[in-house]
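No lab work stands behind these numbers, since they all come straight from the coordinates. Just so you know, these numbers come straight off a predicted model, no measurement behind them. Reconstructed Cβ throughout: ideal geometry from the backbone, glycine too, with neighbour counts over all protein chains shown.
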Amino acid sequence: MWTSVQNIEQPATLLEASKLNNSEHSTLFSGGTYLVAQKNKSIHTIIDINHLVENKIEEKEETISIGAGVTLQQIAEHFAKSVIGRCAQQSCYSKNIRNQRTIGGEIAQQSSTSDINVLLRTINVNLKVFVEDQLIDVSICEWNGKGIISEITFAKDANIDLKRYAVIPSAPPFVIVGYNYTTKNCIVGGRTDRFATFVVDKNEQVDKALEGCFTDDHNGSIKYKIHVVKVALNDFTEGTP
Amino acid sequence: MKIAFTLNGQETKAEFTPGETLFHYLRSDEIYSVKNGCELGECGACTVLVDNKAQNSCLILMHTLEGTVVETIENLGSKSNLHHLQQKFIDEGAVQCGYCTPGMILASEALLRESEQPTSEQVKDALAGNLCRCTGYVKPIKAVCNE
Amino acid sequence: MNDKKEDKKEDNAEMKYVGKKTARVDGLALVSGQPVFADDIKLRNMLHAKILHSPHAHAHIKSIDTSVAKKVPGVKLVLTHEDFDLHYYTTAGQGYPEPSSRDTRILDSTVRFVGDRVAVVAADTIAAAEEAIEKIKVEYEVLEAIFDPRESMTSKILVHEQSDLTMVHDHKRNLIAELKAELGDVETAMKGCDHVFEEEYSVPYAQQSHIEPHIVVTWFDEHNRLIIRTATQVPFHVRRIVAEVLNFPVGRIRVIKPRIGGGFGSKQEILNEELCAAITLKTGQPARIEYTREEELYAARSRHPQILKVRMGVKDDGFIEAIDLNILENGGAYGTHSLTVMSVTANKALSFYAAPHKKLLGQAVYTNMSVPGAYRGYGAPQGFFAMEVMLDEIAAKLKIDPTELRHKNYVKEGDDVPIAKILGEGGEGYPMVIYTSGMADCIEEGKKLIDWDKLYSEEKTGRVRRGVGMIGCGQGSGIPGIDMAAAFIKMNEDASFNLLAGATDIGTGSDTMIAQIAAEVLEVPVEKIIVYSSDTDMTPFDTGAYASSTTYISGGAVKKAAEKVKQQILDMGKKLLKVEEAKIENGNVIANDGQSVSYEEICTKAFYTHEQHQIMANASHMSYDSPPPFNTTFADIEVDTETGIVRVHKIVSVSDAGQIINPQMAEGQVEGAIPQSLGYALSEFMVFDDKGAPINTNFFDYHIHTTIDMPEIVVKFVHTDEPTGPFGAKAIAEIPINGPAPAIANAIYNACGVRIRELPITPEKILQGLGKI
């Protein structure tokens, strides 16, 4: 039960949804596993946009587009042989939940322990976001978190990889490192307050880029986690053992 | 609020309050085979099938189910007519306390509907969201793999 | 004794049901999702109760204002410490008189850990109860708290200020319990040894993590008796302790144990039964308390953290002469199980090796931390982690193969174990002799299954290094001189038998196991045994499902009762056949001349026409023996020496549990115990902030193993025939949980030379050991 919820709105258009989502007591809902698990007591109104977002994956000649309503499991299956599918799968060990959780919701949550979020930032995918009354294009790394995501698009040829570090395979990763071989851009997630983004050059720059990213916790010290990021980068650039 | 959906083969009109989860609805309806292990989506004890896919009923709000087909273990087999997976779980000793068992069988059934002869990797992946503290998963995996 | 053993072997060869694969008697109900668990019940006017837990580690409650909470629509009752008389008891579900500290009140005016119970609200709905909980206004006087067990005994902060508590060793030193023992002369022996090893080991809080939370439902039945339907391992202790706390007659309480969704010790506790019953007593209405997963992880029970200092005196040839064990146990805010867990740590760790000189100092101390309790292994996993890592250190230093070092030192068949008499569970114990041990075979079998000779000695190079490690251990079969079980069997006219037993099946399969024992004795198929267990109105007494006691003690009671019934059947058969001599075969009593009478006829005639009576018998069983099952566990792992991350490839667990009653279920016990210990090694530990508040209170952060985390698991048994056990059986429930964690620690040393003396094994500790950070 989510006892604080009094209304469920099912708007006819994204514009309407956007207008309805006007207070701290309302929230957008698509997939919604995070929201239901958290059952935030201050929420009185749920604006369900499930029926307004696409749940298809389209591959064109050079680009791929994924509707915001596509589930993590759909992605895991569609891209079964690539790093995208692997990351969608690893983002949530439970297939039951991957059947429920949408990519739009996953991005909107901005959780840095999600492999797929780190990967999409490593590609720096383009988002189509409905803000106020218009659909805008914005790259995921530049998105300010406002609006309703409707679609994710990116070039097919992204040359990327991702490594995750967890005490056992299904445990939440304490460090995730995504690497773009083309741009040498590196995204770091895991048990972090934010995503760290930097271009790999020298180890000293890594320290600076990761300043304030990690905390000392039961998974390990800041020093240890930075060490792991460096090991990952070394493996990307020198070849994985 | 009201919706119409199919629950265990029956056309069902459900009435519920806006924040009600499928898990809560089912247990209130005395379908006790869906179990509470966390109500956070972490354990899978409340697994159901929605349109043939295994999902955690504690994370499903009732209003999203309009027109869907929902199944619990009761729809697979009964005491007098067990589903082959239920029998397999008994035969292989895959049941210990039995609390996670209905959810685990449903998650297995969803996989078998997708793929008749899944690999052991696929079985492990399909059951990873169903926590079990008794079996170490050895016998449940065997029960599904030998299907 | 040898004669006795040979007899047994003959018996066993002819057994039809014991030792054979047998489907669970409750399997059908469980796979078909029948409403067989505690919460699967709907009662009219049932109240849902929620507990207000303390946000502070240590505080006096200056005032509680419940007036606003009581006005929330649907709220029926709010209870605080002001509603209860001053009475101290222990929540430990143990035999009477409990050896545990009587330091707990149902609700108290002082709170002693984050999660302590402050108040309870009962309302028509959970939502109303939750809303009311938020509206209770509590004024706390926050007190200084103590979190470090090393400082407890010298701290000025007293977790329990009251001086009138019983079963507390010294409340002014926060000392819950102290154990001292010495066998031989350790100091002199140490001086005569070629090597003295001394190290400190430590283990953290860990959680049982049964999937079914604690759930209790109480109501008054038609006859105004209090019914408690609860997820418990100890229904008879629940009845006794609720009666005591609420001052309500035992005879008016019925505790029903339905199917239980896992316990692992966590449900050997009176956790909310007294509070739920209090609501029913005060309102006359049914009441229900179910813990959320979050509550499970901070307000229920866990495994005791310990710091263990071990000193061993060893000869050049590897024989251990002297062991000095010093245990500092963190008992958290209440003493429940602290003494007995610590005594099991000492007892099991010190009785596995035959060293002639042994010494113990064990101290269990209060802190303002979460309350540990019983968890499968009950102290033994802590003790064997320290002992078995130290054995590995000795093996490395003396360049003796670790398997050889064990062979030299573990207790052998025929050995006296004098430390068992000195160190019982919570008090003096009973003399112990090892009648059976398959340890030598266990180790040899394990070596083969893990490919020890190759993997242990192969060169370790490269970034990712593979290693193997092993341990040996023992446990017990029930608590000698304390555990008692009873069973009652009556015969029906179709040659089926009702078996009513106190034995508490918590998912372990004991209902099936006792049915097999009864079937074996009575010579009828298992389907003919109708088991009903663990209901304080309907079944005879049993101390409960703990201490690996069910097969050995409860199984013993069932065997005796079945033997009595069988004798009655034989006697009645002889009378009907009018013969002096006859035997039982295939459900018939057969005379020497070949004439026979069936079980069905015997029972029917006894009911209706001949010497009318019910064929039935009851029996009780207890034992001053507690024969140890033995186990060896091998781990095959790899370590990434750049990240410190460990992956476990394979665990081999070989046990001597005597005659196995049900091979499939016994395997299941081992297979289930292994991931619990893998978690203890790598991923499961409770984390607290600097105010004593637990941080990882969900399954995402308190991470137990899933299917995708499991290594290959190989389970084997070696056969022995324990002369004191039913059909030669010893216990299996707990022992396999001891091994994986220390075996992994030892395998890490083998792989990369890093010695781990502290759980959990985090990747960072390995990198530190490698000098890489």
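The residue among C:719, B:38, A:76 whose Cα reaches farthest toward the positive pole of the charge dipole of the protein assembly as shown, with charges on the beta-carbon of Lys, Arg, Asp and Glu, is B:38.
For residue A:238 and residue A:199, the FRET efficiency from 1/(1 + (r/R0)^6), where r spans their Cβ atoms and R0 equals 22 Å, is about 0.80. Exceedance of the 32 Å cut-off in Cα-Cα distance is limited, within the set C:309/C:399; C:20/C:359; A:39/A:60; B:79/C:605; B:13/B:124; A:184/A:225, to C:20/C:359; A:39/A:60; B:79/C:605; B:13/B:124. Here, the stretch B:1-139 has an Rg and a Dmax of 14.7, 44 Å when only alpha carbons are counted. The calculated Kirkwood hydrodynamic radius for the stretch C:125-272 is 20.8 Å, given to one decimal from all distinct C-alpha pairs. Per-residue shielding of B:59-72, expressed as the average number of other chain Cβ atoms within 10 Å of the residue Cβ, stands at 3. Dividing the Cα radius of gyration of the stretch C:85-144 by 2.2 N^0.38 Å, with N the residue count, gives 1.43.
Here is the list for the stretch C:587-692: chymotrypsin sites (Phe, Trp or Tyr not before Pro) lying in DSSP coil, each with at most 15 other C-beta atoms within 10 angstrom of its C-beta, are C:624. In the stretch C:210-314, taking the dipole from charged Cβ atoms about the Cα centre, the farthest positive-side position among C:253, C:220, C:280 is held by C:253. Relative contact order for chain C: 15 percent, from Cα pairs under 8 Å spaced at least 6 residues apart, divided by residue count.
Note on residue A:221 and residue C:45: their simple-model spin labels are 6.3 nm apart, each label 7 Å out from Cα toward Cβ. Rounded if a/c is under 1.5, else prolate if a/b beats b/c, else oblate: with a ≥ b ≥ c from the C-alpha gyration tensor eigenvalues square-rooted, which is the stretch C:32-121? Oblate is the answer for the stretch C:32-121, as a/c is 1.5 or above yet b/c matches or exceeds a/b.
Checked against a 23 Å cut-off, the cross-linked pairs C:137/C:691; C:490/C:575; A:146/A:202; C:191/C:408; C:315/C:716 give Cα-Cα distances beyond that limit for A:146/A:202; C:315/C:716. Extending 7 Å from the Cα toward the beta-carbon at both residue C:87 and residue C:29 defines two label points whose distance is 3.2 nm. Working ranking of peptides C:644-651, C:558-565, A:74-81 by packing, defined as the average number of other Cβ atoms within 10 Å per residue, highest first, is C:558-565, C:644-651, A:74-81. For chain C, a simple Cβ point-charge model (Lys and Arg +1, Asp and Glu -1, everything else neutral) yields a dipole of about 860 debye relative to the Cα centre. When each of the peptides C:375-384, C:696-705 is scored by the mean number of other C-beta atoms lying within 10 Å of its residues, the order from highest to lowest reads C:375-384, C:696-705. When the C-alpha to C-alpha distance is required to be over 24 Å, the pairs from C:42/C:282; C:180/C:412; B:53/C:50; A:163/C:765; C:62/C:156 that qualify are C:180/C:412; B:53/C:50. In chain B, Cα pairs under 8 Å separated by at least six residues give a relative contact order of 25 percent. Report the relative contact order of the stretch C:579-716, percent, no decimals, based on alpha-carbon pairs under 8 angstrom and at least 6 residues apart. The normalised contact order for the stretch C:579-716 reaches 17 percent.
Other protein chain C-beta atoms within 10 Å of residue C-beta, averaged over C:697-703: 5. Projecting the Cα atoms of C:595, C:202, A:100 onto the dipole axis of the protein assembly as shown, where Lys and Arg carry +1 and Asp and Glu carry -1 at the beta carbon, places C:202 farthest toward the positive end. Given +1 at the Cβ of Lys and Arg, -1 at the Cβ of Asp and Glu and no other charges, the dipole of the stretch C:162-226 around its Cα centre is 280 debye to the nearest 20.
With a cut-off of 15 Å between beta carbons, the residues surrounding residue C:305 carry a summed charge of -1, where Lys and Arg count +1 and Asp and Glu -1.
Computed from the C-beta positions of residue A:207 and residue A:54, the FRET efficiency with R₀ = 41 Å rounds to 0.45. With only Cα atoms counted, the stretch A:137-213 has Rg and Dmax values of 14.2, 39 Å. Of all DSSP-defined beta bridges confined to chain C, some 80% are antiparallel rather than parallel. Projected onto its three principal axes, the C-alpha set of the protein assembly as shown covers 100, 74, 65 Å, listed from the longest axis down. The simple Förster model, with R0 at 30 Å and r as the Cβ-Cβ distance, assigns residue C:141 and residue C:200 a FRET efficiency of 0.20.
Taking Lys and Arg as +1 and Asp and Glu as -1, the other residues whose beta-carbon sits under 13 Å from that of residue B:58 total +1. Peptides C:207-220, A:225-238, C:131-144, A:51-64, ordered by how many other C-beta atoms sit within 10 Å of their residues on average, highest first, read C:207-220, A:225-238, C:131-144, A:51-64.
Couplings for the stretch B:52-65, taken from phi via the Karplus curve 6.51 cos²θ - 1.76 cosθ + 1.60 with θ = phi - 60°, read 6, 9, 6, 9, 8, 5, 6, 10, 10, 7, 3, 5, 7, 9 Hz in order; Gly and Pro are left as x. Could you tell me which of rounded, prolate or oblate describes the stretch C:331-478, using a ≥ b ≥ c as the square roots of the eigenvalues of the alpha-carbon gyration tensor, with rounded for a/c under 1.5 and, failing that, prolate when a/b is larger than b/c and oblate otherwise? It comes out oblate by the Cα gyration axes. The charge dipole of the stretch C:311-466, taken about the Cα centre with unit charges on the Cβ atoms of Lys, Arg (+1) and Asp, Glu (-1), comes to about 440 debye, rounded to the nearest 20. Placing a label point 7 Å from the Cα of residue C:458 along the Cα-to-Cβ direction, the residues of the stretch C:635-658 whose backbone N falls under 16 Å from that point are C:635-640, C:647-651.
Take each residue of peptide B:39-51, count the partner chain Cβ atoms within 10 Å of its Cβ, and average: the result is 5.
Judged by the ratio a/c of the largest to the smallest principal axis of the C-alpha gyration tensor, chain C counts as oblate, that ratio being 1.5 or greater while a/b is no larger than b/c. Remark: the residue A:133-residue A:63 segment gains 22.6 nm on full extension, using 0.36 nm per residue and subtracting the alpha carbon distance. Compared with the alpha-carbon gap, the fully stretched path from residue C:758 to residue C:125 is longer by 223.3 nm at 0.36 nm per residue.
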